[in-house]
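These notes concern the structure reproduced below.
No value in this document is a laboratory result; all are computed from the given coordinates. Keep in mind the model is a prediction, meaning the values are calculated, not measured.
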Amino acid sequence: MAEPPISFYPGPSQVWAAVPQYVQEAYEAGILSINHRSPQFEELAQKTKHLLHTRLSLPADYWVFYISSATEAWEILAQSLLKRRSWHFFNGAFGKKAYHYAQKLRPDAEVIAQAFPLNSLPQLPEKVEASDLIYFTHNETSNGTYLPSAILQEARQKYPEAIISLDATSSLGGIGLPWQALDVVYASVQKCLGLPAGMALFICSPAAIAQAEAFGLSTYYNNLISLRDNMQEWQTTHTPNVLNIYLLMRSLEASPQIVQTEHKIRQRAAKYYQFFEESLFQPLVSKPAYRSPTVLTLQGEEFLIDRFKKEASKQNIILGNGYGDWKARSFRLANFPAIADHHFKLLEDFTTNFPS
Ligand SMILES: *Cc1c(COP(=O)(O)O)cnc(C)c1O
């Protein structure tokens, strides 16, 4: 079988090398044509959830729902959980998008933006009400920044009753999460989870479900109440992406515990941040504590970045473009678990030989 190019794009990203084998298996086992109300589907949903608990240390009483994208998660949050007021802490494009969705979908609510600069942490306000909804982005994929667990735990301590949500699209499956601090965690699968695009996980605590029930809105097909009612029977509100659920199940089965994965990802991140600091490019984020371990973002002269990306693509190495405000002056490298060490070695050799 021909090999695809080596992609360091932070999403859609390189998929697990075993994906073709898993797809073949799914086809042969008839998974691709099962009914989503059948016992086979229920078994698949149950098995996948069990693996999320054991591999990713997800607390036993959290719910897992299958939706189409992180974008859909922003809609679900605004529609099912934004009762009266939301707080949006962000420093880049994805956190900002979540804020815009909340504004547009809930013009009646008080939707508060708390933008913070690079190389800093969000400033947590003193007073947040029990029913308020808080939005954090774990790993801002657009600029390669990340929130250490301590700030999420601090938010939980300050606001024990508020609903705290976390966009973990480019970190879920790569680094561990302080679950007890979080009520909602969502992630599309085409980034850190190393799967084809077209599905996202929406994970939530009993407190989030209680808030959705108190709010009582169930007009949208993927409202939290209908999602919960269906998942109680190991089912979904609609025909889901069964193939992707199967791929998630198989890839989790083949993965170590998240602590082991995180250790490896952090080591590789440290190694390559250091490697690039000695190259023509510099990390966009100067404070190491706020640099993402899973999306390395490097800055440099526009013409150099342009040439670097072009030369790399001639070697079948695809680098991620910069994003939004940082588009021309940066490039991004995914450091996701599905990317093999020998692919990083090829990138390293290419960079070393790149004429300055
Ligand atoms: C890619 C990304 C999204 C959007 O994901 P979709 O699957 O396209 O909806 C949202 N948040 C973050 C942090 C992302 O990296």
message: Under 15 Å between alpha carbons, and skipping anything fewer than 8 positions from LYS49 in its own chain: which aspartates and glutamates qualify?
response: ASP61, GLU233, GLU253
- request: Could you pull out every one of the lysines with an alpha carbon less than 29 Å from that of LYS96, ignoring same-chain neighbours closer than 8 positions?
  value: LYS83, LYS104, LYS127, LYS158, LYS191, LYS287, LYS309, LYS327
message: Bin width 5 Å, origin at 0, all Cα-Cα pairs of region 169-305: what percent of pairs per bin?
response: 2, 8, 14, 16, 16, 14, 11, 8, 6, 4, 2, 0
- line: The value for the chain (convex hull of the alpha-carbon atoms, volume per residue, Å³) is 124
Under-5 Å amide H pairs with ARG85, H placed in peptide plane, nonlocal only: GLU110, LEU133
query: Where in the chain are the DSSP H helices whose alpha-carbon span along the long axis reaches 15 Å or more and whose Kyte-Doolittle mean is at least 0.0?
result: 242-253
- prompt: For region 287-336 and region 1-68, what is the separation of their Cα centres, given in Å?
  reply: 29
- line: Rounded to the nearest 5, the percent of DSSP beta bridges in the chain running antiparallel is 55
task: Evaluate region 83-148: find the radius of gyration of its Cα atoms, find its Kirkwood radius, and give the ratio Rg to Rh.
output: 0.96
query: Rounded to the nearest whole Å³, what is the per residue volume of the convex hull around the Cα atoms of region 138-179?
result: 73
